[in-house]
1. What tally of residues in the stretch 20-36 results from selecting those that are within 15 Å of residue 96 (Cβ to Cβ) and surrounded by 14 or more Cβ atoms within 10 Å (Cβ to Cβ)?
2. Only one of these conditions is not met by residue 95: (1) touching a residue at least 40 places away in the same chain (Cβ under 8 Å); (2) touching a helix residue (DSSP H, G or I) at 6+ places or on another chain (Cβ under 9 Å). Which number is it?
3. Inside the stretch 60-78, can you point out the residues that are loosely packed, with under 14 Cβ neighbours inside 10 Å and closer than 21 Å to residue 23 by Cβ?
4. Can you run down the residue pairs with Cβ atoms below 8 Å, 6 or more apart or on separate chains, where the first is in the stretch 55-70 and over 20 Å from residue 84 (Cα atoms) and the partner is in a helix (DSSP H, G or I)?
5. Just checking, which of 96, 44, 29 is out of contact with any strand residue (DSSP E or B) (no Cβ under 7 Å at 6 or more places or on another chain) and modelled with pLDDT of 80 or more?
Ligand SMILES: [Zn+2]
């Protein structure tokens, strides 16, 4: 499930920083820095990504009931940091644009 995005055209491995910043443009179409071809975030990884965000948003409020009060904030910071760190690894690139559903 976790992997570094790889260009489907030239095999160029995207770095974490690249994938991370491209992620925040929220564009479906991404351009490979190496061969300049258009890449799309695959349907499967877009689904995984939204599921991942959904779960993490759900887990944090739940944990605040279990974790002692003083630790909730630090737990949330760690949890969100983990989500942000792992998100670029959920990216899988595809040459074709796939409809979401
Ligand atoms: Zn490429």
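The values are calculated or read from the model by the stated rules, or taken from the named source; none is laboratory data. From a predicted model like this one, the values you see are computed outputs, not experimental measurements. With ideal geometry, Cβ positions are generated from the backbone for all residues, glycine too; neighbour counts draw on all protein chains shown.
1. Looking only at that region, the number is 2.
2. The one condition residue 95 does not meet is (2).
3. Passing the criteria: 77, 78.
4. Filtered contacts from the stretch 55-70: 67/75.
5. Answer to the selection: 44.
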